[in-house]
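Just below is one structure, and these are the notes that go with it.
The values are calculated or read from the model by the stated rules, or taken from the named source; none is laboratory data. Keep in mind it's a predicted model, so treat the numbers as computed, not measured. Cβ atoms come from the backbone with ideal geometry, glycine included; neighbour counts cover every protein chain shown. We work out accessible area using only protein heavy atoms, side chains counted, and drop any ligands, DNA or RNA first. Shrake-Rupley method; radii C 1.70, N 1.55, O 1.52, S 1.80 Å.
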Amino acid sequence: MGIVEELRENELVRFDSAIIQFVQGLVSDRLTSAMKVITYFGSKTWLTFATLGISILLVLMHKKRFAVFLLFSSTAGGLFNMLLKWIFKRERPDIYPIIVEHGFSFPSGHSMGSFIFYGALAIILVKISTPVYLDWLFGGFCALIIFLIGLSRIYLGVHYPSDVIAGFAAGGAWLTICGLLFRYGEYLLKKAKESQGIKGSYNK
């Protein structure tokens, strides 16, 4: 909300410009190729197929509730991002666009979508894995790829830094809401099974 207020008052120009100049000052052919690959892992195409594929795998592993959590958080999060873009209608930067993107800029869909998707994966792994070191390892990997996807959007000239930060903030807020709903659903399921005299097996 703070970013939105400053956006309305046009106080983000200096902040955005300084970061864009620094990041795009690193432009090189090799780094551009790498950033194009990184940004793909936050694209709508990749996130859609990855969400569906992992959800199917979770169902096959008899982890249906985790599949529902991943599908709902990612799909509804995408719709939420579209709503926010429609509300604010911020045009994309035109300083040095390396690739061409269409649609509004605020908040970054890649940043918001990647935060929700990779964040949800980290939550699921914590729930189903036993070794704690795997939780930290995969959580660290998810945090790194989320950051790099956001950075790639600035590097490629299709988003302002404030778009990326707002995307992370909105994605984090939405994932928190979905996580709380998921925990509440697990609680209700556990109580229902207990009331029926069924001892369900739950992961950590």
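To keep it simple, each residue is scored yes or no on (1) at pLDDT below 85; (2) open to solvent by less than 10 Å² (accessible area, probe 1.4 Å); (3) under 17 Å from the mean Cα position of the chain (by Cα).
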site	(1), (2), (3)
S105	no, yes, yes
S108	no, yes, yes
I149	no, yes, yes
I177	no, no, yes
L181	no, no, no
I198	yes, no, no
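Would you list the helices (runs of 4 or more DSSP H) that sit entirely within region 1-86 and hold 2 or more residues that are closer than 20 Å to G185 by Cβ and in contact (Cβ under 8 Å) with a residue 40 or more places away in the chain?
Filter on region 1-86 gives 44-60.
For region 130-182, how many residues meet the condition of being outside any helix (DSSP H, G or I) and free of Cβ contacts under 8 Å to residues at least 60 places away in the same chain?
Going through region 130-182 one residue at a time, the tally reaches 1.
From the residues in region 15-37 that are open to solvent by 60 Å² or more (accessible area, probe 1.4 Å) and of a type in the set (D, E, K, R), which one is modelled with the highest pLDDT?
Applying the filter and picking the extreme gives K36.
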